[in-house]
Structures are given as C-alpha cells and as structure tokens.
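To keep things clear, I will list the structure first and then write my remarks on it.
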Amino acid sequence: MYIKQSGVIPYRLREGITEVLLITSINSKRWIIPKGLVEPGMTPQDSAAKEAWEEAGVIGEVLPTLMGTYDYRKWGGICNHIIDITQIANLVGAGLGTI
C-alpha cells in the first residue's frame, strides 16, 4: 500500500527574522510540521494549505518551491510526504508566539 501525504513548513518574516512554525503531535508530543493525507481531488499544495489551517491555525500562500519528499512506514504501507513551503499570511490560532 502506498499512501500520499503532504505537509508544509509555515514561516513568516518579522523584523528581518525568519520564524518557522512547528506544532506538537498528539501522541508523541514531538515537534512536527502540519501534514496529512492528500484527499481525492486535491493537489498536494491544496492539501498542505488545508493542513496548515486545520492543525496550526494559519493561513498562507503555498509557494511554488517544493522543499522535498520523504517516505516512511505507517499504517501497514509506505507513506510518501511531499513537503512545501508556505509564507504565513495570517496567524489565527491562539497562543502562537516565538521561542
């Protein structure tokens, strides 16, 4: 089984500094990027933007630059992640700040 997923590296520029937004996974509490399954009829870029909103509460433009891909085993198959870069246009979630 081959499972297509997409993710995004959300970032913003603030006072000349690039800030990258990470989230924590529900189960392992590790720092991760927003990612998820590419739903039927969606492009990986559309899916990445959807995951950024659903998982991190951010809205932005998915840039045409592909960051990269990686595979790993999960759910009895191979998950392929397509990673894009998004410049955050709007921070909507509560409690977002800098480290």
Starting from residues that are surrounded by fewer than 15 Cβ atoms within 10 Å (Cβ to Cβ) and of a type in the set (F, W, Y), keep the ones in the stretch 39-86 and report whichever is nearest to the chain's Cα centre (by Cα).
-> Y70
Scanning the stretch 1-28 for residues that are within 21 Å of R73 (Cβ to Cβ) and free of Cβ contacts under 8 Å to residues at least 24 places away in the same chain gives S25, I26, N27, S28
Quick count over the stretch 15-27, residues being within 20 Å of W53 (Cβ to Cβ) and assigned to a strand (DSSP E or B), is 4
Hey, does the stretch 27-40 have a residue that's of a type in the set (S, T, N, Q), over 15 Å from I3 (Cα atoms) and touching a Phe, Trp or Tyr at 6+ places or on another chain (Cβ under 9 Å)?
-> no
Output the residues belonging to the stretch 35-53 that are over 15 Å from Y11 (Cα atoms) and either in contact with an Asp or Glu (Cβ under 8 Å, 6 or more places away or on another chain) or in a helix (DSSP H, G or I) (or both).
-> G36, P44, Q45, D46, S47, K50
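Every read-out reported here was derived from the displayed coordinates using simple, explicitly stated rules and does not represent laboratory data. From a predicted model like this one, the values you see are computed outputs, not experimental measurements. All Cβ positions, even for glycine, are placed from backbone atoms using ideal geometry, and neighbour counts span all protein chains on display.
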